[in-house]
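Q: Here you go, one structure.
Readers should treat all values here as calculations from the given coordinates under stated rules, not as data from a laboratory. A quick note: this is a predicted structure, and the numbers were derived from the prediction, not measured. With ideal geometry, Cβ positions are generated from the backbone for all residues, glycine too; neighbour counts draw on all protein chains shown.
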Amino acid sequence: MTTSTYEPHRVSHLAKLNWLRAGVLGANDGIVSIAALVVGVAAATTDIGAIMVAGVAGLAAGAISMGLGEYVSVSSQRDSELALIDKEKRELIEQPEVELAELQAIYEHKGLHPKTAKQVAKELTDFDPIRAHLEAELNILEAHIVNPWHAAFSSTSSFLAGALLPFLTVLFAAESFRIPATIAASIIALGATGAAGAYLGGSSMWKSVMRVVIGGAAALAITFAIGSLFHTSVA
């Protein structure tokens, strides 16, 4: 007797990992965009009020943009998936024999003998025809159709979580240490998000960390240089 290696919740776990990776990317965006913004403003002026206004505006604009963008993108994906599901349901009602032959052909293409492929297609269709065709033809699970509201909330909250670190650092650090403290905190946080993304994706942690750290450092350097060109001081 052999032990089955089938994992019934594997798709669900993969979906959760995708959401976690999206959260890590959202946090990374929050860190880079707000850190670059406040560092640029702090390089231009020592007025903490101006820095705070810029940071709050950046937080609001970034969070709204991330949430709205994710909502629109996922809504379009959801609409497309639902349209494909409706089309598949109609075809199963109108031409079941054609759909059965189509399913058989898919399994033959995957390497099954025609007789075996026909038997597999028939048994899967008898058990759950919609699921059988959605999985084989479209790689869609009806139970896992994406929710645009969940996606928008996840994107917005992860952006804010990442953005708050550089924002709070620049506000509460001593004036003489404001910029280096914000840069250091941001680089460390970027390294952490890079490591988390690599862990979740199963990729090289070193390469992932270096990519996000170098990219974030470049963004901070550019905005610092731009801010320095317009430097003013508060009497």
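Q: When only Cα pairs under 8 Å and 6 or more residues apart are kept, what is the percent relative contact order across region 17-229?
A: Details: 263 pairs, mean separation 85.1, N = 213.
Relative contact order for region 17-229 comes out at 40 percent.
Q: To continue, here is another question. For region 96-126, which trypsin sites (Lys or Arg not before Pro) are in a loop by DSSP, counting at most 13 other Cβ atoms within 10 Å?
A: Values: sites: 110, 115, 118, 122; in loops: 110.
Passing sites in region 96-126 are 110.
Q: Same structure again: With a Förster radius of 45 Å, plug the Cβ-Cβ distance of residue 94 and residue 195 into 1/(1 + (r/R0)^6) and report the FRET value to the nearest 0.05. Walk me through the numbers on the way to the answer.
A: Details: r = 52 Å, r/R0 = 1.15.
That gives a FRET efficiency of 0.30.
Q: For the residue pair residue 78 and residue 229, what label-to-label distance in nm results when each label sits 7 Å from Cα along the Cα-to-beta-carbon direction?
A: In this crude label model, residue 78 to residue 229 measures out at 4.3 nm.
Q: Would you pull out the residues with amide H under 5 Å of residue 45's amide H, same chain only if 5 or more places away, H placed 1.01 Å from N?
A: Long-range HN contacts for residue 45: 232.
Q: At 7 Å along the Cα-to-beta-carbon direction for both residue 56 and residue 87, put a label point, then send me their distance in nm to one decimal.
A: Placing both labels 7 Å along Cα→Cβ, they lie 4.9 nm apart.
Q: Sticking to Cα atoms, compute the Rg of the chain to one decimal and its Dmax as the biggest Cα-Cα distance, whole number, in Å.
A: Values for the chain (Cα only, Rg and Dmax): 25.2, 87 Å.
Q: Something else: In what order do 51, 106, 226 fall by count of nearby beta-carbon atoms within 10 Å, going from fewest to most?
A: Numbers: 51 23, 106 18, 226 15.
The order, fewest Cβ neighbours first, is 226, 106, 51.
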